[in-house]
1. Go through (1) part of a helix (DSSP H, G or I); (2) open to solvent by less than 30 Å² (accessible area, probe 1.4 Å); (3) among the hydrophobic types (A, V, I, L, M, F, W, C); (4) more than 16 Å from the ligand (Cβ to nearest atom) one by one and return the number of the condition Val434 breaks.
2. Ser424 versus (1) buried (at least 22 other Cβ atoms within 10 Å of the Cβ); (2) more than 18 Å from Met345 (Cα to Cα); (3) of a type in the set (S, T, N, Q): which is the lone unmet condition?
3. What single numbered condition from (1) surrounded by fewer than 22 Cβ atoms within 10 Å (Cβ to Cβ); (2) of a type in the set (S, T, N, Q); (3) touching a residue at least 12 places away in the same chain (Cβ under 8 Å); (4) in a strand (DSSP E or B) fails to hold for Asn239?
4. Restricted to segment 600-610, and to residues that are within 16 Å of the ligand (Cβ to nearest atom) and over 22 Å from His744 (Cβ atoms), which residue is most open to solvent (accessible area, probe 1.4 Å)?
5. Just one of the numbered conditions (1) open to solvent by 60 Å² or more (accessible area, probe 1.4 Å); (2) assigned to a helix (DSSP H, G or I); (3) acidic (Asp, Glu) is not true of Asp499; which one?
6. Just to check your reading of the model, which residue among Ala67, Ala16, Ala80 is outside any helix (DSSP H, G or I), open to solvent by less than 60 Å² (accessible area, probe 1.4 Å), over 29 Å from Leu282 (Cβ atoms) and of a type in the set (A, V, I, L, M, F, W, C)?
7. Within segment 405-416, identify whether any single residue is of a type in the set (Lys, Arg) and buried (at least 16 other Cβ atoms within 10 Å of the Cβ), and answer yes or no.
8. State yes or no: is Arg213 open to solvent by 40 Å² or more (accessible area, probe 1.4 Å), modelled with pLDDT of 90 or more and over 23 Å from the mean Cα position of the chain (by Cα)?
Amino acid sequence: MADALTATSPDSAEPARSGLSAAALQRGVVDNLLCLQARYPAIAAPQHWYMALAYSVRDRMLARWAATVQTYAAHDARVACYLSAEFLIGPQLGNNLVNLGIEATAREALQALGIDLDTLLALEEEPGLGNGGLGRLAACYMDSLSTLEIPAIGYGIRYEFGIFDQEIRDGWQVEVTDKWLQKGNPWEIVRPEVAYYVGLGGSTRNESDAQGRLCVRWTPARQIKGVACDTPMPGYHVNTCNTLRLWKSEAVESFDLQDFNVGDYYAAVNEKVISETLSKVLYPNDEPAIGKRLRLAQQYFFVSCSLQDMLHLLDLKGDPIGHFAERFTVQLNDTHPSIAVAELMRLLVDERQVPWDEAWDITRRALAYTNHTLLPEALETWGLPLMCSLLPRLLEIIYEINRRFLDEIRQRYPGDEARVARMSLIDERGDRLVRMAHLATVGSHAVNGVAELHSGLLKQTVLRDFAELWPERFHNVTNGVTPRRFMLLCNPALAQLLDETVGDGWVTDLTRLRKLEAYADDAAFQERWRRVKQSNKAVLAERIRSATGIGVDAAALFDVQVKRIHEYKRQHLNALLIVTLYQRLRRNPQLALTPRCFVFGGKAAPGYAMAKLIIRLINGVAEVVNNDPAVNGRLKVVFYPNFSVKNGHFVYPAADLSEQISTAGKEASGTGNMKFMMNGALTIGTLDGANVEIRQEVGDENFFLFGLSADEVERVKRAGYRPADYVNANDELREVLELIANGHFSRGDREMFRPLIDNLTQADPFLVLADYADYVARQDDVSAAWQDTRRWTRMSILNTARSGKFSSDRAIDEYCEEIWKISPVRIALDR
Ligand SMILES: *Cc1c(COP(=O)(O)O)cnc(C)c1O
């Protein structure tokens, strides 16, 4: 894979801080050990070596980073600003080595020092600055933006405590504080000089300015300072190194003893504590929106800092304010940053004296909005009293935007007050609420869903009236994931086989994997393919043993469901299948059953009782099934604790079967489904999210489809869904539910799972029981297919071969082409 970037001179005098040879890197590591950490090799612990290597790798990115920033400053290109409350970037060391093309070099340099690279990689704490798919998507997009040489900045929040660490005690999830910063973060560069002030609370009043113009003055009750914490994001084998800029909150003044008497001193300390609390902790809710004051303050804080930063960059360039939308395109990752619509208006109108109509034109041309959910409980709204007390000026601006917007609607649809009420930015039906999805839609020139099905449903449901009004604004950009992290880095054995078979160009053009189709039936290639999978499964088996004590047979079918625990994702449907198979074995111990190892992983929101009960059920079933002599090891059930990006690295490559079994119409896209496909897992899934497109790409015959479609789900619900009917019609299902209710998986406790059983048999909001029979039938097909090794291997190869569409490079290309109107800028590096 030699190219311009990795080719280095053999010159032993290559600089220790930038040289890409093993000798230079080795000197760099030892220098960092001594000069930054005051340690020398004889007394250095692995953690010190990790830090020394991380700093040495960072050193090697800095020239690229500086060149990138300087080039953008000099260039007239647009910059894509990706605003996201979450960036789940995962461990950085391995990824940066891969993208810089120096992984083998680093291994060699460390070996000469008697250090093993893998040991250091295992030590790295990941920044858990996201809940799941949405935050990981933002991280994949940062990787693709740099790799595709697109000028971009990621903007978000530098939480001091990210997503909690999950432990399993007595079968239950226990949350433990994530102290990711405890040992320091070598990737982050704090920039105290890049700081902005954000106001909260207080009141507004009308005034006239020096020129006699009417204006509004907002006097906030307090100011918080946002300080930039930058993380360089290098592209793969290019010079581009974009910036992820996360804001941390600080008190505006360090309090001055002389200015305060004793009473005020404590008030001042308190103010400081409040200010520093703002970016303290990530809210651990995945789907449901949480109407908390601090959460709204966090959103406004990072949005305001980010927009002020863009205006500052514009000023630095000497560009007029009217060029804002030419210089920046701002993508809102869900509604979390949607207060940007009102904040940009405030900054333009109040702070820069831009007339309203011109400011509105700039705002709409600059902003675009990605919707991520149709679940009613996940759509963000904020109560007017909260908005009024925390962001009084922004609420006034929202009212003014709404007044003008509704005037337009009334002109367009005279007399249709029902439509006006539906489309209003304010929900007036009960306690009055600001609808953030409406604000984002009205303030954007483009709105997109994240898979074909989802984008279609978006236009038929939550944004129907808007799609009718502005059809040209609606787009689809199906999500993608980066093949650098989710293939090259985490599955090196597969990457090697792919390089040898189709050439190494697949890493940046994933459609080239199509060439694998020619080898799908080749016996020798199939054998190599299976060996790769087998070795990945052995690695996962060892991880499972050390994390849980459970021994699993790497020859069994590895059936994996890893993702946040949620009723709509239906981990409990999977659990019902396991109990079904268990019940069949108890009935007939001689049954010829395909040996399977079921692997679950995922966190439940701490306040989500049903999700936590589902984890308890999985662990209860595991305890019984794994130890029942009648099962004799043919079924194993594992709940792998603390699923994270880092743990995902060895889960996705080891999977034979990918469980994508959400209720149709509920999963916007999914991205885990794509990671599995790339790594050669077959999918059992519903027609939901991107599963639809995965099936289209791989072919019906290579996908295990089951369950109701989104339309059918709605029809069944409208007709009055009665889950009990499905229980009465299916003996196997009835027995399974009885076994759980009778305490078989709760050590005789008949109360433990009652809420779950009652929920399924009485309401079953996600139609678990309606899809049960078809799911079990398709799983029987899976078991049969597994028995035909050549057929299974062929399907596995075809899954990887046809996964090209799901690269985040394709998704970013589409954003650039259709929404951002932005093109690459090559970064030159003078060496
Ligand atoms: C990819 C990923 C997800 C998203 O998984 P889905 O199956 O799409 O819900 C969640 N968490 C982590 C750590 C991931 O890497």
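1. (1)
2. (1)
3. (4)
4. So, considering only residues that are within 16 Å of the ligand (Cβ to nearest atom) and over 22 Å from His744 (Cβ atoms), the one most open to solvent (accessible area, probe 1.4 Å) is Tyr608.
5. Unmet for Asp499, out of (1) open to solvent by 60 Å² or more (accessible area, probe 1.4 Å); (2) assigned to a helix (DSSP H, G or I); (3) acidic (Asp, Glu): (1).
6. Ala16
7. No.
8. Spelling it out, it is not the case that Arg213 is open to solvent by 40 Å² or more (accessible area, probe 1.4 Å), modelled with pLDDT of 90 or more and over 23 Å from the mean Cα position of the chain (by Cα).
The values are calculated or read from the model by the stated rules, or taken from the named source; none is laboratory data. For clarity, every value in this text was computed on a predicted model and none was experimentally measured. Virtual Cβ from ideal backbone geometry, glycine too; neighbours counted across all protein chains shown. To get the accessible areas, we keep the full protein, side chains included, count just its heavy atoms, and leave off ligands, DNA and RNA. Shrake-Rupley method; radii C 1.70, N 1.55, O 1.52, S 1.80 Å.
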